[in-house]
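Contents: one structure, followed by commentary.
The numbers here are math on the coordinates, done by the rules we state, and not lab data. Keep in mind it's a predicted model, so treat the numbers as computed, not measured. Don't worry about glycine lacking a Cβ; one is built from the backbone with ideal geometry, like all the others, and counts go over all protein chains shown.
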């Protein structure tokens, strides 16, 4: 009997956390969809997400996991396909400063293809494309196009090795 009572609060708390995660994810998806973006209701938010810019520029597929403090700057389109994981404190920045006229900010879209994993603290710059099943290690800076099924790391992100497809 003592074992049952000692596990009850843990089960209750884990059930509460699961329900809170589902409610947070659903309300985020509903908000994005109402404001003109496209977001699957089958996503996982593990904390607060920072959304800047126009919600209509955001497209999120199925089974996407966004960890806490992810910043999505939607000045241009951000495409996040299915089965993508974005870890804590990552930034997807679509705006950039035009170097010919430093007073003008421009924007380019960002595209994360299916099965990507973006590790904690990574910054993805405007115009970047991360191909299918690519892993970007923590604290990297991504600019440009990354090959599919590869591991990238560093500032700027360079290819470390190929991964099995």
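Any chance you could run the full-extension gain for residue 83 through residue 145? It's 0.36 nm times the residue separation minus the Cα-Cα distance, nm to one decimal.
Details: separation 62, 0.36 × 62 = 22.32 nm, distance 1.91 nm.
So the extension gain works out to 20.4 nm.
What the Cβ-Cβ distance of residue 163 and residue 41 gives, at R0 = 41 Å and to the nearest 0.05, is a FRET efficiency of 0.85.
Just from its helices, what would the mean residue ellipticity at 222 nm be for the chain, if runs of 4 or more DSSP H residues each count -39500 (n - 2.57) and the sum is divided by every residue, rounded to the nearest 500 deg cm²/dmol? Before the final figure, lay out each step's value.
On the way: 1 runs with 33 residues, N = 165.
Counting only the DSSP helices, I get -7500 deg cm²/dmol.
Taking only the C-alpha atoms of segment 2-159, Rg followed by Dmax gives 17.5, 72 Å.
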